[in-house]
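What follows is one structure encoded as structure tokens, with my remarks underneath.
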Amino acid sequence: MTKASNLFVAALEAEGVTHVFGIPGEENLDLLESLRNSPIELVLTRHEQGAGFMAATLGRLTGKAGVCLSTLGPGATNLVTAAAYAQLGAMPMMMITGQKPIRSSKQGHFQIVDVVGMMSPLTKYTRQIVSADSIPARVREAFRRAEEERPGATHLELPQDIAGDASEAILIPASYSRRPIAEHKAIAAAADAIRSARHPLVMIGAGANRKTVANSLRHYFGKLGIPFFTTQMGKGVMDEEDPLWLGNAALSDHDFVHRAIDAADCIINIGHDVIEKPPFFMRKGRRTVIHVNYNSAEVDAVYFPQIEVVGDIANAVWQLAEALDPQPHWDFAFFQRTRDALLQQVERCGRDDRFPMTVPRMVAELQRILSPRDRLCLDNGLYKLWFARNYRCRHPNTMLLDNALATMGAGLPSAIAARIHDHEHKVVAICGDGGFMMNSQELETAVRLQQDLVVLVLRDDAFGMIKWKQQHEDYPVYGMDTGNPDFVQYARSYGAHGHRIESLDAFAPRLREILDTPGVHVVEVPITYVDDDRLLNEDIPKLAAAVE
């Protein structure tokens, strides 16, 4: 006979779990004791939301479900935003929550909420474990659902009395499985459309940001010489220093890349996920759109492809590459002119010498300072558009940003998980002051883990993106300005290093020194968004429209 909590942890070990992030409560004590005797490392966080963001990020980077833990009631409700983050962002994650004894309890309804019901619309799978004997099946199914395409969040509730029960159940190993491959007729139809096009164009989306897809695209599809652009969550799948790269669809419309999109007569959407903001607006009859993805297209008002290639993306890319050769009638001259104009504009705004810094200048500096394998972990804010648009990634998942739930507060926890996953390369969190303060308590977690981590806090003393939108729509500024702590002293109070950039000339040399110094570093960088409205809504559209 095996204690149920030991059986549960053994099931986690069998799934390859190395870390569990979270905050236990009294309902988790049996499970906690079982974890104490396991090689799985418990990463105690300072808030359950941070634990969920860490688990989701580890899942995103490994393809295996990250695991987070909370108690019942308020601990479980604190996981809601992280559940939505993983579910919308297609990040495999499994949540474990505790619960009062279900056979008898002397505490009435104290702290009781329907956690399984609450998690139902936010997960792919959620169950309460009502029998110790069901643990192997429930855990295996939770991981299978979390990791299979399209990945997402799952949840298991382990009541206190069930965790202490005994069971003779045995673990269920993962079955051998292969994803279905695209039908030959669909490949042939897509190949015919690409072959006959004059200006074909490839779009790389979030679903392509898996290791096998990136390898397949680089090794096979690149030989065709078709230009490509990416969505925000498709960054780095292909090398963005490649001459075929045309930009990132960080803006919804009217950028240089949208001129190329408008000129394309066939767009091959590899891994597009409609959960992202639309990278372009389809208009009936203007072009052939080919959907290449694990699942059939989710049609909406702006996305209705004419050809669907459904199956394993890496295999579909290989099949298409085998079926095609470069065509003499393909014409990419206009695409090249849009790329040249984009790079000129990025280079110009990256030379802005004002202080407080502009974000485009910061992006340009970081592009020079960081190596191609170093990792940027972005929180959410106006600066995210500039990083997605202007920073060129060389490898998959070297820029972690969220263009699905687009929640604030994930930047620092994501960076902590990225550092756990990758000890070789630099990890830099980019956070606005608003997003940073939502989970800044996780600095203590990073310090306790003795991490080498740099957090850039972009300070404008406001919720800058909404303030920008408010001004753009001609509303008076209201309800957007905030106060802030002294970030230098705030960092030091946690045992981290605190720094403040006080001039433009100091930024690059100071940051290089910080990156080479072990420990957790918080760097306050005053920034300005004063010209962003003009740049994004006037200058860039005018320059893009002028490309001929």
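Criterion applied to Glu27, Glu15, Glu48 was being surrounded by fewer than 24 Cβ atoms within 10 Å (Cβ to Cβ) and among the acidic types (Asp, Glu), and the one residue passing it is Glu15.
Out of curiosity, is Val488 in the same structural domain as Asp374 (by TED's automatic domain parsing), among the hydrophobic types (A, V, I, L, M, F, W, C) and either closer than 21 Å to Gly464 by Cα or free of Cβ contacts under 8 Å to residues at least 60 places away in the same chain (or both)? It is true that Val488 is in the same structural domain as Asp374 (by TED's automatic domain parsing), among the hydrophobic types (A, V, I, L, M, F, W, C) and either closer than 21 Å to Gly464 by Cα or free of Cβ contacts under 8 Å to residues at least 60 places away in the same chain (or both).
Checked against the criterion of being within 14 Å of the chain's Cα centre (by Cα), closer than 18 Å to Leu32 by Cα and either surrounded by 24 or more Cβ atoms within 10 Å (Cβ to Cβ) or not aliphatic (A, V, I, L, M) (or both), the candidates Gly66, Gly59, Gly75 yield just one match: Gly66. Among the residues of the range 468-483, at least one is in contact with a Lys or Arg (Cβ under 6 Å, 6 or more places away or on another chain) and under 21 Å from Ala410 (Cα atoms). Could you check, for the range 369-387, whether at least one of its residues is of a type outside the set (Ser, Thr, Tyr), part of a helix (DSSP H, G or I) and farther than 30 Å from Ala263 by Cα? Within the range 369-387, one or more residues are of a type outside the set (Ser, Thr, Tyr), part of a helix (DSSP H, G or I) and farther than 30 Å from Ala263 by Cα. Quick check on the range 457-465. Is at least one of its residues in contact with a Cys (Cβ under 6 Å, 6 or more places away or on another chain) and aliphatic (A, V, I, L, M)? Yes, because at least one residue in the range 457-465 is in contact with a Cys (Cβ under 6 Å, 6 or more places away or on another chain) and aliphatic (A, V, I, L, M). Considering the range 129-151, and only residues there that are without any contact (Cβ under 8 Å) to a residue 40 or more places away in the chain and in a helix (DSSP H, G or I), the residue that is surrounded by the most Cβ atoms within 10 Å (Cβ to Cβ) turns out to be Arg138. For the range 307-351, name all the residues that are without any contact (Cβ under 8 Å) to a residue 40 or more places away in the chain and in a loop (DSSP other than H, G, I, E, B). Matches in the range 307-351: Pro328, Arg351.
For the range 170-182, the condition of being of a type outside the set (D, E, K, R), under 30 Å from Ala388 (Cβ atoms) and modelled with pLDDT under 95 holds for at least one residue.
The residues of the range 167-204 that are touching a helix residue (DSSP H, G or I) at 6+ places or on another chain (Cβ under 8 Å) and among the polar types (S, T, N, Q) amount to a single one, Ser167. How do the pairs read when you match residues in the range 356-372 that are in contact (Cβ under 8 Å) with a residue 12 or more places away in the chain with residues anywhere that are small (Gly, Ala, Ser), using Cβ under 7 Å and keeping only pairs 6 or more apart or on different chains? Pairs found: Pro360/Gly350; Arg361/Gly350; Val363/Gly350; Ala364/Gly350; Glu365/Ala508; Ile369/Ala508. For the residues Ala364, Ala341, Ala404, Ala410, the requirement of being crowded, with 24+ Cβ neighbours inside 10 Å, not assigned by TED's automatic domain parsing to the domain that holds Met203 and not polar (S, T, N, Q) singles out Ala410. Those strands (runs of 3 or more DSSP E) of the range 422-502 in which at least 3 residues are at pLDDT 95 or above and over 23 Å from the mean Cα position of the chain (by Cα), considering only elements entirely within it, cover 497-500. For the range 152-180, the candidate set comprises residues that are part of a loop (DSSP other than H, G, I, E, B) and among the polar types (S, T, N, Q); within that set, the residue that is farthest from Ala316 (Cα to Cα) is Ser175. Residue check: Gly52 meets all listed conditions (1) under 27 Å from Gln441 (Cα atoms); (2) more than 20 Å from the chain's Cα centre (by Cα) but one, namely (2).
Is one or more of the residues making up the range 266-283 assigned to a loop (DSSP other than H, G, I, E, B) and free of Cβ contacts under 8 Å to residues at least 12 places away in the same chain? The answer is yes, given that some residue of the range 266-283 is assigned to a loop (DSSP other than H, G, I, E, B) and free of Cβ contacts under 8 Å to residues at least 12 places away in the same chain.
The values are calculated or read from the model by the stated rules, or taken from the named source; none is laboratory data. It should be emphasised that the depicted structure is a prediction, and the values quoted were computed from it without experimental measurement. Positions of Cβ are backbone-derived with ideal geometry, glycine not excepted, and every protein chain shown enters the neighbour counts.
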